[in-house]
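The values are calculated or read from the model by the stated rules, or taken from the named source; none is laboratory data. Keep in mind that what you see is a predicted model, and the values were worked out from it rather than measured. For neighbour counting, all protein chains shown are included, and Cβ atoms are generated from backbone atoms with ideal geometry for every residue, glycine included. Heads up: the accessible areas ignore ligands, DNA and RNA and are worked out on the full protein's heavy atoms, side chains in. Shrake-Rupley method; radii C 1.70, N 1.55, O 1.52, S 1.80 Å.
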Amino acid sequence: MTDAGRPKRPRVLRTRYMDMMAYGEAWDLQKSYVKEIDQGEREETLLLLQHPPTYTMGSDRHPEHLLLGQEELEKRGISFYQIDRGGDITYHGPGQLVGYPLLYLDAVGLDLHAYLRNLESVIIDWLAQYGIQSGRKPEYTGVWVGDEKIAAIGIKFNKARQRGGFITSHGFALNIASGIADEGFSGIVPCGIGQYGVTSFNDLTGYSMTVEEAASGLLPIFAERFGYDIFPD
């Protein structure tokens, strides 16, 4: 059989859904997987999970956007991390679907901006299935429904030292549960944007969708958008 006639090998995406994982543990796992992917010891992976209440502040750091002191954070049981993704401060917590795509981006034809736009498109397409018209704001990342953000995006491009290009880490946080804006986002200026609000899927629809159900529905859209075949990890 000629090369032209051979069946094309699938692009494998290993996927894991974890109901709840501490932020620090998930961050360490990402860093470990990035190294393994770079060394050819692991296939590209998408982690889908929830975190306990956590604030994370990225490389665009504005400490004044955290409105709570250490004592109040401890009282509310909210962890805080300064991390290596782009962006300012955001909230993670129960009722939010967090996705960490650990993907290899080849140096040939590399377009980091397109990766970010495609990540937003996955969420926009998923929301459209439920009649939610969402989109982008030109000056900001993430996905918006009107003037309310439903999904935050903050990413890091890690240099692939073995083969060139980059391996992505961090990713998106999609608000699912009702009331999540009041529960966690009230203690910060989300992403440093004070003039707009935050919303969630269940608040918009009146549904009672679980995070695991959202993960199950989002996964095939992600795989199609980025051109992968899904294999549970």
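Points to keep in mind about this one:
- Yes/no for I167 being surrounded by 12 or more Cβ atoms within 10 Å (Cβ to Cβ), touching a strand residue (DSSP E or B) at 6+ places or on another chain (Cβ under 9 Å) and part of a loop (DSSP other than H, G, I, E, B): no
- Subset of segment 200-218 that is within 26 Å of K137 (Cβ to Cβ) and under 16 Å from the mean Cα position of the chain (by Cα) - its residue that is surrounded by the fewest Cβ atoms within 10 Å (Cβ to Cβ): G217
- Scanning segment 99-126 for residues that are open to solvent by 10 Å² or more (accessible area, probe 1.4 Å), of a type in the set (A, V, I, L, M) and at pLDDT 95 or above turns up just one, I124.
- Set side by side, the residues E148, E183 differ, and just one is closer than 24 Å to S59 by Cα, open to solvent by 60 Å² or more (accessible area, probe 1.4 Å) and more than 17 Å from the chain's Cα centre (by Cα), which is E148.
- One residue from E72, E44 being farther than 17 Å from I153 by Cα, within 19 Å of the chain's Cα centre (by Cα) and among the acidic types (D, E): E44
- The residue that is surrounded by the most Cβ atoms within 10 Å (Cβ to Cβ), among those in segment 50-98 that are among the polar types (S, T, N, Q), out of contact with any Pro (no Cβ under 9 Å at 6 or more places or on another chain) and not in a helix (DSSP H, G or I), is Q96.
- Segment 33-47, subset part of a loop (DSSP other than H, G, I, E, B) and more than 19 Å from D229 (Cβ to Cβ), residue most open to solvent (accessible area, probe 1.4 Å): E41
- Flag for G142 being within 13 Å of the chain's Cα centre (by Cα), on the phi > 0 side of the Ramachandran plot, among the small types (G, A, S) and buried (at least 21 other Cβ atoms within 10 Å of the Cβ): yes
- Condition met for Y17 (touching a strand residue (DSSP E or B) at 6+ places or on another chain (Cβ under 7 Å), part of a strand (DSSP E or B), among the hydroxyl-bearing types (S, T, Y) and closer than 27 Å to I167 by Cα): yes
- Residues of segment 219-233 classified as open to solvent by less than 20 Å² (accessible area, probe 1.4 Å), assigned to a helix (DSSP H, G or I) and over 20 Å from K149 (Cβ atoms), total: 1
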